[in-house]
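Student: Take this structure first; my questions come after.
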Amino acid sequence: MAAFRRGVFCIGLSYASNLVRLSGALVRRQVMKFPTTIRKNWISLSAIGGLCAVPFSQKQDNLSHEALVRRASSLVTDSTNTFLSQTTLALVDSFTQYVKTIHTLMTIHKHYVASVSKLTPAEEDSVWQVIVRQRQEVSDLREDCKRFESNWMMAINLSKLAAETAYNAGADQASVTAQTSLQVAQSHVDQIRQLSMEAEKNLKESNAEDSQRIKLPAAMEEEDIPEAYLRED
């Protein structure tokens with residue numbers, strides 16, 4: 001019985017070894033298709049039943065691991081700073097356009113309410129359609145602001161983590177740069193957020209986004225008709 005188990009084990013081991021060699025040959029053929037500079041930085045990790053390849057940068061001459069980690073952390077902060085800069089620009093632009101559109105809507109609505117009694121039905125309809133389009137634009141821009149703000153918050157969190165990582169790795173300058181970028185980004189966003197909050201407050205008070213269409217009195221539609229045409233013979 002023991003001899004049988006040893007035989008089964010040997011067969012299984014031989015089969016597993018063949019699988020590893022086959023997998024290794026397939027991976028090597030795939031890796032050989034990569035550029036030389038990439039192939040040199042790939043380390044193959046094998047196990048029974050499979051094989052995978054994970055990229056690692058080889059240690060450069062005269063550089064300690066600590067120095068390489070500091071350099072890598074600096075590269076990370078550079079990337080997060082770029083991401084933060086772009087998301088901040090997108091968010092500030094969205095808020096700016098949002099505030100402008102709110103003010104435009106309030107101006108048109110105020111004019112509509114003040115002059116509706118002097119407008120013809122056609123003019124009233126034209127102005128009201130403009131208000132409807134402005135309301136839709138305000139709603140769309142509000143959603144854009146929420147979407148860009150979500151991206152911006154992710155960039156903030158990544159930048160904080162990158163700054164802390166750089167500091168722990170000894171890359172003090174990279175950490176300081178990341179923290180400065182965070183402060184500048186938060187300052188810009190805080191300013192435009194304040195303007196947005198004030199605009200939304202004024203929008204709510206003006207009722208420009210929620211008011212109903214003003215119905216023209218029937219008498220206004222008939223006032224231009226001469227009385228002689230209204231009398232029955």
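Student: Restricting to region 165-192, count the residues that are under 20 Å from the mean Cα position of the chain (by Cα) and over 15 Å from A72 (Cβ atoms).
Tutor: Number of matching residues: 12.
Student: Show the residue pairs meeting these rules: Cβ distance below 7 Å; 6+ apart or different chains; first residue within region 131-149 and in contact (Cβ under 8 Å) with a residue 24 or more places away in the chain and farther than 14 Å from D93 by Cβ; second residue of a type in the set (S, T, N, Q) and open to solvent by less than 100 Å² (accessible area, probe 1.4 Å).
Tutor: Close Cβ pairs satisfying both conditions: Q134/T101; Q134/T104; E137/T101; V138/T101.
Student: Checking S206 against (1) at pLDDT 90 or above; (2) out of contact with any helix residue (DSSP H, G or I) (no Cβ under 6 Å at 6 or more places or on another chain), which single condition isn't satisfied?
Tutor: Just one mismatch for S206, condition (2).
Student: Taking A169 as the residue in question, decide whether it is open to solvent by less than 20 Å² (accessible area, probe 1.4 Å) and touching a residue at least 60 places away in the same chain (Cβ under 8 Å).
Tutor: Criteria not met by A169.
The values are calculated or read from the model by the stated rules, or taken from the named source; none is laboratory data. The structure displayed is predicted, hence computed values, not measured ones. As a convention, Cβ positions derive from the backbone with ideal geometry for all residues, glycine included, and neighbour counts pool all protein chains shown. For the accessible areas, the whole protein counts, side chains as well, though only heavy atoms, and no ligand, DNA or RNA atoms are used. Shrake-Rupley method; radii C 1.70, N 1.55, O 1.52, S 1.80 Å.
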